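Below you'll find the structure, written out as structure tokens, and then a few comments.
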Amino acid sequence: MAKKIGVTMEVGNDGVAVITISNPPVNSLASPIISGLKEKFQDANQRSDIKAIVLTGNGGRFSGGFDINVFQQVHKTGDISLMPEVSIDLVCNLMEDSRKPLVAAVEGLALGGGLELAMACHARVAAPKAQLGLPELTLGVIPGFGAFQVDIVRGGQKFGLVDALVPSGELLSTSRKWALDIALGRKPFLRSLHRTDKIGSLSEARAILKDTRQLAKKIAPNMPQHHACIDVIEEGIVHGGYSGVLKEAEVFKQLVMSDTAKALVHVFFAQRATSKVPNVTDVGLKPRPMKKVAVIGGGLMGSGIATALLLSNTRVVLKEINPDYLQKGIKSVEANLKSLVSRGKLTQDKAGKALSLLKGVLDYAEFKDVDMVIEAVIENIQLKQKIFKEIEEICPPHCILASNTSTIDLNVIGEKLTQKIAFPAHIMTLLEIVRTENTSAQVILDLMSLGKAIKKVPVVVGNCIGFAVNRTFFPYTQGAHMLVNLGVDLFRVDRVITSFGLPLGPFQLGDLAGHGIGMAVKEIYAKAYGNRMFRSPLTELLVKSGRNGKINGRGYYIYEKGSKPKPDSSVLSVVEESRKLTNIMPGGKPISVTDKEIVEMILFPVVNEACRVLDEGVVIRASDLDVASVLGMSFPSYRGGIIFWADTVGPKYIYEKLKRLSETYGGFFKPSRYLEERAMNGMRLSEPKASSRSRM
Ligand SMILES: C[C@H](O)CC(=O)SCCNC(=O)CCNC(=O)[C@H](O)C(C)(C)COP(=O)(O)OP(=O)(O)OC[C@H]1O[C@@H](n2cnc3c(N)ncnc32)[C@H](O)[C@@H]1OP(=O)(O)O
């Protein structure tokens, strides 16, 4: 059925016009909707049989905001005139200043521009599950339809954003009545832009803005939209609402064209593209429900996975090898739930309900009717092989067998193994679903659906050591070790990388993961990709000196309860030992590098490996790797993900830099064939290949 896109107006006998936005699935404010709204409001204002107006959305959703596809078109064409004029023409002139009262009847989503339209009305009536929000900052822009100005005068969301909350079935009737009451003078006719009663004195406002600017500088240093919104608010406070609206429209257009907006809009669509898997989601299959899932291993990973499943209402059987470990596993699940409750993210009731779905076991008896098994034991090939051999006999034929390994080849773990799913931690949003030759389209679909149910973003990838994310990022630590062995200060490296936008520098990340694990993982990568590894003895020396990382309070940093990690200057003797052993400093003297060079020596090898991942068809499309890098490695989303960023920097530049570095420092930096080809042919890394060599 064709989508019905448009704006309708129906006028009732009571003299109230109901204007309805219709643009499935989220009633986004595409250009025809905006022109439709202008036309209907003009009409309603002119018609003498209309006393008042109600604005609403079709299909149980008010509006998901401005049409983000338009941002994408502006980015592709560079033509800002594609942005329709909304804030003055529609929001101020036709809505705010309308002679007839307007009431928003809000059900479901009212986001971004959608909420702004509701705020331009003279009152808002909402149904209980309405979701109101201004997510524009996550797209690199600010609310551009006048929201900030209205919000300032309203005194923020908590105070009076919604005038009444009514059951869904009464939403329209109450809104109509409310609109008529305003028209008849029984309720106040409030035009927000004219109000000043909720704004404090200028000096108070300036003090708040000063603090907010400092906060934005601290938490969002690389994101211009956070700073811009403070400027726009200030304009409204100092020079009045209309001035604010004009400034907002001007700044909005500048921000739409910014690199940050380009990157964030790319990530928005890239994330949605991950749910489209050729021959899986387009062949009419339906996901099967996962009612009962077994998790083997109650450690950090296993208990995290169990928590996520329980929260999605799935029965979980948690298997451990002895009562002690089982008790620990159950306690970890309880602690995870408790922490959600204490942070206000879960009610006590729901936590209790989730826990009642958990059953701890020490044998496989419960496995005979499970829909899926997720193995989450330590990274030991023999142990994993033994487990899968045992459960293959017991589980029902439809059961999906999955491993949570992050490094081991799935084909080595078990012949009948249909799946690997990676949950880096229960707090991470990425879910890598690794497809082997044995994995059917149905199983992939089932796992994608389960992934969404547990609020993860599933990305389907091919089988290789490290899969998509860990494989792409294995050179991350090595580049950092190379720099330190060349004489660069390790704490400076961490500082430079965090100011680039990663939450942790490579050394602090190593501390967090634990250096014992780091050593084991390094061996696995050395076996698979040894010809392009930089072998640094630093991790081994660190472990030898009793520094296992955060886990024992000491790594490159000192970890004390209740305080931030402190750089440990005594680790420098370990670093010196490593430098002596590698002996790579030219002429025995530390090299001198700029901050930019530090970023390049660490992240260009990552881009190089990402190119191999693309070349081998480990991901379906380049943008999947962007999403995986953002959600799995916390690569800054405002840089668009690893491939998007590399395309912004330029494949030719990266190729030439790596070539020069490889001539000086060896094979670790040698450009890959894919990168070389793209650089030579002036192609972007993200452009699809003519013929694809896929691992899926
Ligand atoms: C001037 C203004 O101030 C500027 C703005 O308004 S900017 C826009 C502000 N709005 C937003 O940021 C909301 C963005 N959307 C979302 O967060 C989520 O899509 C949602 C919460 C609305 C719905 O989530 P969910 O139900 O999981 O569905 P989801 O898969 O994300 O979206 C369904 C489809 O709607 C599309 N969509 C969602 N919001 C859209 C929007 N604002 N514009 C265009 N398309 C949109 C998605 O791309 C997706 O398309 P697809 O099926 O072709 O992939």
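What follows is calculated from the coordinates using simple rules that are stated; it is not laboratory data. As the structure is a prediction and not an experimental result, all values here were calculated from the model. All Cβ positions, even for glycine, are placed from backbone atoms using ideal geometry, and neighbour counts span all protein chains on display.
Restricting to Cα atoms and excluding each atom paired with itself, what does the Kirkwood estimate give for the chain in Å?
On the way: mean 1/r = 0.0355 Å⁻¹.
By the Kirkwood definition, the hydrodynamic radius is 28.2 Å.
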Set Lys and Arg Cβ to +1 and Asp and Glu Cβ to -1, take the dipole of the chain about its Cα centre, and tell me which of 311, 91, 603 lies farthest positive. 311
Those cysteines in the chain that have no second cysteine Cβ within a distance under 4.7 Å are 92, 121, 229, 464, 611
If you stretched the chain out fully between residue 498 and residue 273, how much longer would it get, using 0.36 nm times the residue separation minus the C-alpha to C-alpha distance? 78.2 nm
With a bin width of 5 angstrom, please list the P(r) values of region 563-659 as percents of all Cα-Cα pairs, from the 0 bin to the one holding the largest distance. 2, 10, 16, 17, 16, 12, 13, 11, 3, 0
Could you work out, for region 470-680, what percent of all Cα-Cα pairs fall into each 10 Å distance bin, beginning at 0 Å and stopping at the bin that holds the largest distance? 8, 35, 38, 16, 2, 0
Sort 106-117, 460-471 by the packing proxy (mean of other Cβ within 10 Å over each peptide's residues), most packed first. 106-117, 460-471
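Quick one: if the Förster radius is 30 Å, what FRET efficiency do residue 365 and residue 334 give, using the C-beta to C-beta distance and rounding to 0.05?
On the way: r = 24 Å, r/R0 = 0.78.
Computed FRET efficiency for residue 365 and residue 334: 0.80.
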Please turn the phi angles of region 667-680 into ³J(HN,Hα) values with the Karplus equation 6.51 cos²θ - 1.76 cosθ + 1.60 (θ = phi - 60°), one per residue in order, whole Hz, x for glycine and proline. x, 4, 9, 4, x, 6, 4, 4, 5, 4, 4, 5, 5, 5
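Given a cut-off of 24 Å, name the pairs among 76/217; 292/384; 345/452; 218/596; 292/522 whose C-alpha atoms lie farther apart than that in the structure shown. Present the calculation step by step, with values, prior to reporting the outcome.
On the way: 76/217 30 Å; 292/384 21 Å; 345/452 18 Å; 218/596 21 Å; 292/522 36 Å.
In this structure, 76/217; 292/522 exceed 24 Å between Cα atoms.
Rounded to the nearest 0.05, what FRET efficiency do residue 22 and residue 345 have when you use their Cβ-Cβ distance and R0 = 45 Å? Mind showing how you got there, number by number?
On the way: r = 34 Å, r/R0 = 0.75.
That pair, residue 22 with residue 345, gives E of 0.85.
Given a cut-off of under 8 Å on Cα pairs at least six residues apart, what relative contact order in percent is computed for region 1-146? Kindly include the intermediate steps, with their values, before the conclusion.
Working: 286 pairs, mean separation 31.8, N = 146.
Normalised by residue count, the contact order of region 1-146 is 22 percent.
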How many nm is it between the label spots at residue 313 and residue 652, if each spot is 7 Å from the Cα in line with the beta carbon? 5.6
Sequence gap at least 6, Cα distance under 8 Å: using those rules, report the relative contact order of the chain to the nearest whole percent. 9
Whole-Hz Karplus couplings 3J(HN,Hα) for region 429-441, θ = phi - 60° and coefficients 6.51, -1.76, 1.60, Gly and Pro as x, run 8, 6, 10, 7, 9, 9, 9, 9, 4, 8, 8, 7, 4
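Counting pairwise Cα distances across region 4-124, what percent come out greater than 21 angstrom?
Working: 2420 of 7260 pairs.
When every Cα pair of region 4-124 is considered, 33 percent fall beyond 21 Å.
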Taking the dipole of region 292-463 about the Cα centre (Lys, Arg +1; Asp, Glu -1; charges at Cβ), the one of 348, 325, 297 that reaches farthest to the positive side is 348
Which ³J(HN,Hα) values, rounded to whole Hz and listed in residue order, are derived for region 378-387 from phi using the Karplus coefficients 6.51, -1.76 and 1.60 in 6.51 cos²θ - 1.76 cosθ + 1.60 with θ = phi - 60°, glycine and proline given as x? 5, 6, 10, 4, 4, 4, 5, 4, 4, 4
Take residue 576 and residue 591, extend 7 Å from each Cα along the Cα→Cβ direction, and tell me the distance between the two endpoints in nm. 2.3
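Which value, in Å to one decimal place, does the Kirkwood hydrodynamic radius take for region 6-257 when every pair of different Cα atoms is included? Write down the numbers at each step before the final one.
Numbers: mean 1/r = 0.0544 Å⁻¹.
Its Kirkwood hydrodynamic radius stands at 18.4 Å.
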Peptide ranges 85-95, 648-658 listed from the most packed, as the mean C-beta count within 10 angstrom indicates: 85-95, 648-658
Once you place label points 7 Å from the Cα toward the Cβ at residue 239 and residue 324, how far apart are they in nm? 7.1
Under 17 Å from the residue 677 label point (7 Å along Cα→beta-carbon), backbone N, region 639-658: 651-652, 655
Folded to 0 to 90 degrees: helix 595-615 orientation relative to the chain principal axis, Cα: 90
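Suppose R0 equals 51 Å. What FRET efficiency, 1/(1 + (r/R0)^6) with r the Cβ-Cβ distance, do residue 186 and residue 31 give to the nearest 0.05?
Given R0 = 51 Å and the Cβ-Cβ separation, E is 0.85.
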